[in-house]
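To start, the structure under review is shown below, and the notes come after it.
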Amino acid sequence: MMITYENKIILAPMVRIGTLPMRLLALRYGADIVYTEELIDWKFMRSKRRYNDILNTVDFIDQTDGTIVFRTCSEEKEKVVLQLGTCDADRALKVAQMVEKDVAAIDINMGCPKEFSIKGGMGVALLEETDKAYSILHTLVTNLSIPVTCKIRIFETAEETLNVVKKLVSAGIKAIAIHGRTRNERPQHAVHTDIIRYVADKISIPVIANGGSKEIENYKDILKFKQMTGCTSVMLARAAEWNCSIFRKEGLLPMDTVIKEYLKLAVDYDNSPSNTKYCVQNILRELQETPRGRKFLECQTMEQICAIWDLEEYCCEKQSKYQKMGIQGRWQVTP
Ligand code: FNR
């Protein structure tokens with residue numbers, strides 16, 4: 001079944017956070033669609049696809065250093081959107097064709113304001129070069145069998161935002177995610193729901209509202225944000241990073257429950273200790289200052305991390321099982 005974008009609650013793309021364990025956790029808590037972290041086209045092109053028959057995953061492995069660029073599995077196949085960082089239509093197409101059979105859709109990042117992206121002509125730089133942005137989207141739409149979308153930031157005015165959106169929509173994309181901040185605004189700035197609403201009212205494809213996490217503390221707040229922006233769908237980044245159970249209609253779970261469920265998935269899918277630690281750090285936040293938090297910060301292995309949440313045995317059993325099966329394509333040295 002082809003993915004659609006009406007009435008969806010979505011895990012936003014987040015570098016280092018949106019790896020497989022967090023995406024699966026979000027889906028299990030009730031997210032309808034999950035975006036990968038942004039993957040840079042030229043890095044992705046160095047990878048080779050391999051089926052991992054121990055984990056039952058599809059792995060894209062960097063041929064230069066053996067690291068896993070992208071790992072996915074059948075549980076998320078119909079719901080995972082791969083986000084690409086790119087400034088080049090041909091490269092974007094090559095990567096998209098490498099993953100076309102393994103993901104539900106492709107998204108192009110047109111919102112990242114980081115220096116790395118802008119210098120490379122990627123992210124929000126594409127909103128200054130709308131002909132190029134259009135050509136990337138149009139190339140993908142014309143040559144792929146799966147939907148193509150993009151994620152943007154707003155401009156200073158609603159009119160300017162609408163003009164650019166109209167041009168991108170004319171490339172044939174199936175939906176557009178709008179982060180309601182300008183390229184110079186930071187996460188602490190208020191989100192401009194009025195501009196998102198203005199655009200959503202005037203275009204025919206689904207608009208996915210983004211940028212509301214500061215005001216989203218429970219499931220009901222997601223619906224409030226949806227209503228304020230007049231959008232059919234909502235995408236959450238930080239609210240999900242801090243407590244992924246935000247996607248549960250039944251209500252938030254305690255932080256320790258979320259960490260435990262996250263760690264089990266990280267062990268199940270042989271996630272790297274460094275990535276696992278990073279994600280847990282972003283759940284703990286200021287609690288890293290507590291005695292338990294400090295003990296956690298000293299951890300270097302999955303066993304050590306798991307032990308803090310009474311999952312040492314779970315971790316050791318899985319790891320020795322995988323080792324006996326001769327697991328390959330493991331994470332390499334900690335970056
Ligand atoms: C992000 N964001 C982001 N956006 C994107 O298009 N690609 C990416 O890879 C990332 N990476 C990323 C990492 C982290 C840790 C954060 C917090 C954010 C931006 C994100 O998707 C979203 O647009 C903003 O965070 C605003 O939404 P929230 O946080 O208010 O829901």
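Considering only the stretch 221-244, I want to know if a residue exists there that is of a type in the set (Phe, Trp, Tyr) and either in contact with a strand residue (DSSP E or B) (Cβ under 8 Å, 6 or more places away or on another chain) or in the same structural domain as residue 209 (by TED's automatic domain parsing) (or both).
yes
Inspect the stretch 264-275 for any residue being within 16 Å of residue 24 (Cα to Cα), within 14 Å of the ligand (Cβ to nearest atom), crowded, with 23+ Cβ neighbours inside 10 Å and of a type outside the set (A, V, I, L, M) and give the result as yes or no.
No, the stretch 264-275 contains no residue that is within 16 Å of residue 24 (Cα to Cα), within 14 Å of the ligand (Cβ to nearest atom), crowded, with 23+ Cβ neighbours inside 10 Å and of a type outside the set (A, V, I, L, M).
Hey, does the stretch 98-113 have a residue that's part of a helix (DSSP H, G or I) and at pLDDT 95 or above?
Looking for residues that are part of a helix (DSSP H, G or I) and at pLDDT 95 or above, one finds at least one in the stretch 98-113, hence yes.
Anything in the stretch 156-194 that is over 27 Å from residue 82 (Cβ atoms), in contact (Cβ under 8 Å) with a residue 40 or more places away in the chain and either open to solvent by less than 60 Å² (accessible area, probe 1.4 Å) or part of a helix (DSSP H, G or I) (or both)? List them, or say none.
Selection gives 158, 162.
Of all residues being touching a Gly at 6+ places or on another chain (Cβ under 8 Å), aliphatic (A, V, I, L, M) and part of a helix (DSSP H, G or I) in the stretch 128-155, which is farthest from residue 13 (Cα to Cα)? Just the residue, please.
Within the stretch 128-155, the match that is farthest from residue 13 (Cα to Cα) is 141.
Exactly one condition in (1) open to solvent by 40 Å² or more (accessible area, probe 1.4 Å); (2) part of a helix (DSSP H, G or I) is not met by residue 283; state its number.
(1)
So which residues in the stretch 223-244 are part of a helix (DSSP H, G or I), more than 9 Å from the ligand (Cβ to nearest atom) and surrounded by fewer than 22 Cβ atoms within 10 Å (Cβ to Cβ), if there are any at all?
Within the stretch 223-244, 223, 224, 226, 227, 228, 242 qualify.
I'd like to check which strands (runs of 3 or more DSSP E) are fully inside the stretch 3-87 and have at least 1 residues that are within 22 Å of residue 260 (Cα to Cα).
9-11, 33-35, 57-62, 68-73
The values are calculated or read from the model by the stated rules, or taken from the named source; none is laboratory data. What you see is a predicted model; the values in this text were computed from it and never measured. Here the Cβ is made from the backbone with ideal geometry for all residues, glycine too, and neighbour counts use every protein chain on show. Heads up: the accessible areas ignore ligands, DNA and RNA and are worked out on the full protein's heavy atoms, side chains in. Shrake-Rupley method; radii C 1.70, N 1.55, O 1.52, S 1.80 Å.
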